[in-house]
Amino acid sequence: MSRTSKYLSEDNPAIPATVWKAGLYIRLSREDGDKLESESVSSQKGLLERFVSENSEIELTDYYIDDGYSGTDFERPAFQRMMADAASKKINCVIVKDLSRFGRNYVEAGKYLELIFPTFKLRFIAVNDGIDSFAQPSTMNNVIVPFKNIINDEYCRDISMKVRSALDIRRKQGKFIGSFAAYGYKKDEADHNKLVIDEEAAATVRYIYEKFLSGYSIIGIARLLNERGVPNPSAYKAQKGLNCRRVSTCKNGGAWTDSTVRRILTSEVYIGNLVQKKNEVISYKIHLSKAVEKSNRIIVKDTHKPIISQQDFDKVQSLLRRDTRTSPTEKGGKLSTFAGFVKCADCGRAMQKRTVKQPNKTYEYYVCSTYRKMHSTLCTKHAIRAEVLEEVVLTTLNKYIQLAVDFDKLLEKINRVQKGGAHSKRLTAELSANQKELEKSQKILLDLYPDYKNGLISRQQYFALKERYEKTLSRTQQEIERIKEEMRNFASGIDGSNQFVSTFKKYGGLTTLSRDILIELVENIYIHEGGAVEIHLKCKDAFLAASEYIEQHKTTDIA
């Protein structure tokens with residue numbers, strides 16, 4: 001017994017239950033664009049209107065047009081409005097150009113066509129596919145419909161993969177493909193895939209870095225920007241007429257927050273690097289983004305002019321890794337000089353700065369934060385007066401600054417003497433001797449084969465001598481390369497470009513400490529119980545290299 005349509009009258013299966021009130025559903029996605037006239041909104045609309053006019057039992061009730069929406073999900077405004085009208089019985093028939101216009105997600109499309117539409121007693125017609133759930137129920141009940149839905153789904157998957165691949169290629173070429181340029185930049189008018197500096201916003205970026213390096217906290221910088229009335233990045237874009245949809249503009253009235261300042265302080269875009277693909281869509285069916293691991297992001301260096309120098313950027317990243325949570329801020333949000341640098345030598349935790357006010361005097365001291373929180377159960381006090389700590393650090397830094405100056409003079413003298421010294425002459429003589437040995441071995445090897453062919457030496461002698469002189473030739477070549485490398489190193493030596501020498505000597509005699517000096521010269525400061533101070537300097541390896549070099553050469557070369 002053949003099946004009857006679910007859309008027929010129960011009393012008389014040959015007569016429709018009602019007049020078919022049709023909703024014409026039209027969809028054009030971004031990937032379709034207007035490349036094909038047959039897929040345009042106007043073309044679909046004309047085709048569906050002609051179909052309705054040719055079928056007297058169908059009357060046009062409304063249009064439902066989703067222009068610019070993907071078919072991979074059904075969260076489309078016009079489609080959802082159509083389903084609401086179907087639920088309220090405003091329409092009982094849906095007509096589309098073909099199944100691909102209805103949707104390209106075969107699971108969701110099948111759910112609507114096989115479950116939801118029959119439940120609503122909706123007649124479904126796909127004109128070009130010859131599908132009609134009322135006039136020809138068999139067209140809905142064969143394998144063609146799900147097969148076409150799978151083909152339409154596969155089309156979207158293929159397009160998605162091609163688009164992702166094309167975007168990754170452009171990213172790897174160093175082309176900017178974002179909708180909006182990072183704050184401080186704008187798109188080049190001649191090439192929208194290139195960034196150029198927006199000087200008005202760039203001035204604010206420089207101000208943020210300058211204040212952070214001078215000791216201001218991130219929250220303190222945000223407060224300064226708000227006090228100055230500087231619009232945050234979203235508000236700035238809105239002022240420039242850009243269609244920025246960031247809700248943060250509305251939520252805080254264009255005010256700066258600590259997260260916005262931190263994002264600017266950590267972005268490589270300000271040193272001329274493009275970091276793209278920070279987020280990606282989960283799948284072509286799920287239009288939600290997920291964060292991409294840093295190792296999988298696409299980074300291309302030197303794609304545009306930097307706003308911040310590499311040196312300042314590196315200093316900022318180093319400071320951001322420091323724990324300044326226990327450090328109080330001065331009025332205006334400025335951190336104390338030693339914030340994030342002073343640590344307990346035993347537990348390794350940051351030292352906490354405390355202020356004691358007395359009738360005639362106010363003094364400051366540092367104490368272990370573990371001791372402060374846990375008292376004496378996990379660590380001891382490790383207390384030191386702030387003025388004592390500053391004096392010790394200042395004295396130590398001045399000692400190493402003087403060492404850098406002395407090293408610079410010694411290195412210059414050593415390198416000058418070396419150029420004509422005995423060591424240089426010895427290396428030159430060794431190189432000359434080995435080059436002569438090389439030429440001799442090469443000549444013997446060239447003569448061996450003719451001697452063998454002329455019968456002057458036997459076959460056995462030929463191969464034995466050949467092996468012997470090939471080994472000699474190889475050893476001599478290696479020795480020549482070793483001598484040349486030693487001569488190159490000897491000639492360059494270690495000079496004023498040594499990191500320790502160049503970094504420390506430029507400060508001369510320090511009289512006061514500032515945060516930017518600590519940033520450049522000091523790694524960490526450890527306080528021992530009893531007040532002993534242990535200072536770990538930066539450029540430690542460069543200091544040791546210079547020390548060893550001077551020790552090796554000063555007695556023989558400049559004695």
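The values are calculated or read from the model by the stated rules, or taken from the named source; none is laboratory data. Everything numeric in this text was worked out from a predicted model, so none of it was measured. Cβ coordinates were reconstructed from backbone atoms using ideal geometry, including for glycine residues, and neighbour counts include every protein chain displayed. Quick note on the areas: whole protein, heavy atoms, side chains included, nothing else; ligands and nucleic acids left out. Shrake-Rupley method; radii C 1.70, N 1.55, O 1.52, S 1.80 Å.
Details
- Number of positions in the range 356-369 that are touching a residue at least 24 places away in the same chain (Cβ under 8 Å) and touching a Ser or Thr at 6+ places or on another chain (Cβ under 9 Å): 3
- Checked against the criterion of being assigned to a loop (DSSP other than H, G, I, E, B), modelled with pLDDT of 85 or more and either basic (Lys, Arg) or surrounded by fewer than 12 Cβ atoms within 10 Å (Cβ to Cβ) (or both), the range 218-240 contains one or more residues that satisfy it.
- Residue count, the range 94-128 (criterion: of a type in the set (Asp, Glu) and farther than 13 Å from PHE74 by Cβ): 2
- Selection from the range 272-284 of residues that are at pLDDT 70 or above, touching a helix residue (DSSP H, G or I) at 6+ places or on another chain (Cβ under 6 Å) and surrounded by 18 or more Cβ atoms within 10 Å (Cβ to Cβ): GLN276
- First in the range 308-330 and within 27 Å of ASN273 (Cα to Cα) and among the hydrophobic types (A, V, I, L, M, F, W, C), second anywhere and open to solvent by 80 Å² or more (accessible area, probe 1.4 Å) and at pLDDT 85 or above, Cβ under 8 Å, 6 or more apart: ILE308/ARG206; LEU320/ARG262
Conditions tested, residue by residue: (1) at pLDDT 85 or above; (2) within 30 Å of GLU548 (Cα to Cα); (3) open to solvent by less than 50 Å² (accessible area, probe 1.4 Å).
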site: GLN402; (1), (2), (3): no, yes, no
site: VAL405; (1), (2), (3): no, yes, yes
site: GLU412; (1), (2), (3): no, yes, no
site: LYS419; (1), (2), (3): no, yes, no
site: ARG426; (1), (2), (3): no, yes, no
site: GLN435; (1), (2), (3): yes, no, no
site: LEU438; (1), (2), (3): yes, no, yes
site: LEU448; (1), (2), (3): no, no, yes
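- Subset of the range 132-153 that is open to solvent by less than 20 Å² (accessible area, probe 1.4 Å) and at pLDDT below 75 - its residue that is nearest to PHE102 (Cα to Cα): ASN149
- Checking each residue in the range 84-109 for being open to solvent by 20 Å² or more (accessible area, probe 1.4 Å), at pLDDT 85 or above and not in a loop (DSSP other than H, G, I, E, B) picks out ALA84, ASP85, ALA87.
- Any hit, the range 515-525, residues being touching a strand residue (DSSP E or B) at 6+ places or on another chain (Cβ under 8 Å), over 20 Å from GLN310 (Cα atoms), surrounded by 12 or more Cβ atoms within 10 Å (Cβ to Cβ) and of a type outside the set (Lys, Arg): yes
- Strands (runs of 3 or more DSSP E) within the range 285-364 that include 2 or more residues at pLDDT below 75 and open to solvent by 20 Å² or more (accessible area, probe 1.4 Å): 289-291
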